[in-house]
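The values are calculated or read from the model by the stated rules, or taken from the named source; none is laboratory data. Quick caveat, the model's predicted, so the values are computed rather than measured. FYI the Cβ positions are ideal-geometry reconstructions off the backbone, even for glycines, and counts take in every protein chain you see. Protein only, heavy atoms only, side chains kept; ligands, DNA and RNA dropped before computing areas. Shrake-Rupley method; radii C 1.70, N 1.55, O 1.52, S 1.80 Å.
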Amino acid sequence: MVFLQLLLKNVRLETGYLYDQTFVTATKTNIFDVLIENGVFIEIAPKIEVSNAVVIDTKKQLLVPSFKEMHTHIDKTYFSGEWKAPTVPTEGIFSRLKEEALLLPKQLHVAEDRAHAMVQHYIKKGHTHIRTHVNVDPQIETKHIEIVKHVLESYQDQITYEIVAFPQHGLLRNGSYFLSILEKALQLGATHIGGVDPALVDRNSREVIKTTFDLAEKYEVGIDIHLHEQNTLGEFDIQQILNEMEQRSFKKDVTISHAFAFADLSEKSLNQLISRMATNKVGLTTTIPIGPGPITIPVKYLYDRGVKVSFGHDSLVDHWSPFGSGDTIQKLNQFIERFGYIDEWHIGQSLKYATGGITPLNLAGEQQWPKIGDTANALLVDAVSSAHLIARQCPISTVISNGKVIHEEEIDLRGEFR
């Protein structure tokens, strides 16, 4: 048997917190050697010497968990193409649907190249997992699913991924023929079925949600529904999703993306909804949106009460928005500034929203990552703590996926002075 070994020399690992009485003032770190074999961490010690390993002198860079992009659209993007700003959506989401009916067929000849460009960009920015929503609509039918599946399969030795068959133009409003198209998309290998604003787009929440769960059960896939509906309308649709889960004892992954309703519900309604979400293990994905009205959900409040919240970028640049960067360190920085987190503990613990819940230190400051046996998905960054990484937006030099270096670049190492 051939053992593939990677030895990281002189790695900075977080080992605990420094306190002023009960207040965290800094993160303790020490320098270690870290040995990876066949995709997992197998030894962590002050000094490790082995033969026949690939050796990287990390020069005291910090090792942190790699990122998971939990909400993007690699199939319909301007990224890597020429600049084009979105138009003003005078009819809201329906403006965008009319645009897509004309735009996406015209972009088919560049869709594959642009999807490759986005995946490569996400890898460079530290992501080893991507969940992408992929349009399935009356014009595109399953063409985007086929393109995206082909693109992602070419990176399966570098990243893991999930594909959401996404009926952007509604589930029922396009007739029974469209449902057969959506089923074909699920047959082609989608891992999830999506949905968008069933009360607004289809004007039939109950039937949309029921049909979505019917298809999810039939094809044994998860669910990821986009809800931009606010206040009590959004709350109503979330309750309908939870009702359906409970009635069916549905156990597959269920995610609600955006979930703007959580930003402006009364405290009583909010807490009741959070409790049901946590009980049913329903996750939330947010982009930390900034805009008019209450649309930024209370991330930490939700997470602390048992609702797993993850970050995503949605789009990088497309006909919906020009603002996406694919830079999750920047996204984390935006989050801490939006919520006013300026201390070491709050900033450092925020890393979990981008890593699938993993942080080097637990809430009490005990080291919990990396541990022997953990999958070696990690980043080398020019930072001295997770808090430093996020607050100062420190650069990534090396991306490691399943124990293999998948991206590496020279950076100017400045350590704590960055």
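What a 1.4 Å probe finds exposed on the chain is 50% carbon and sulfur by accessible area, rounded to a whole percent. What percent do you get for the relative contact order of the range 150-257 when only Cα pairs under 8 Å and 6+ apart count? Averaging sequence separation for qualifying contacts and normalising by length gives 24 percent for the range 150-257.
Here Rg and Dmax of the Cα atoms in Å was calculated from the structure, and among (i) 21.9, 66; (ii) 29.4, 108; (iii) 24.1, 87 it sits at label (i). Determine the alpha carbon to alpha carbon distance for each of Lys210/Lys300; Lys84/Lys308; Lys47/Lys125; Lys106/Lys218; Lys84/Lys184; Lys106/Lys149 and list only those over 24 Å. From Lys210/Lys300; Lys84/Lys308; Lys47/Lys125; Lys106/Lys218; Lys84/Lys184; Lys106/Lys149, over 24 Å: Lys210/Lys300; Lys84/Lys308; Lys47/Lys125; Lys106/Lys218; Lys84/Lys184.
The residues Leu188, Leu7, sorted by heavy-atom accessible surface at 1.4 Å with ligands and nucleic acids left out, run Leu188, Leu7 from largest to smallest. Annotation: lysines with alpha-carbon distance below 16 angstrom to Lys124 (same-chain offsets under eight excluded): Lys68, Lys331, Lys404. The aspartates and glutamates within cross-link reach of Lys268, meaning a Cα-to-Cα straight distance under 14 Å and a gap of 8 or more places when in the same chain, are Glu235.
With a cut-off of 14 Å on the backbone N, the residues of the range 295-322 near the modelled label site 7 Å out from Ala278 along Cα-Cβ are 299-309. Centroid-to-centroid, using Cα positions, the range 106-121 and the range 345-390 are 32 Å apart.
What separates the Cα centres of the range 182-199 and the range 202-281 is a distance of 16 Å. Contact order for the range 358-415, expressed relative to its length and based on alpha carbon pairs under 8 Å spaced 6+ residues apart, stands at 27 percent.
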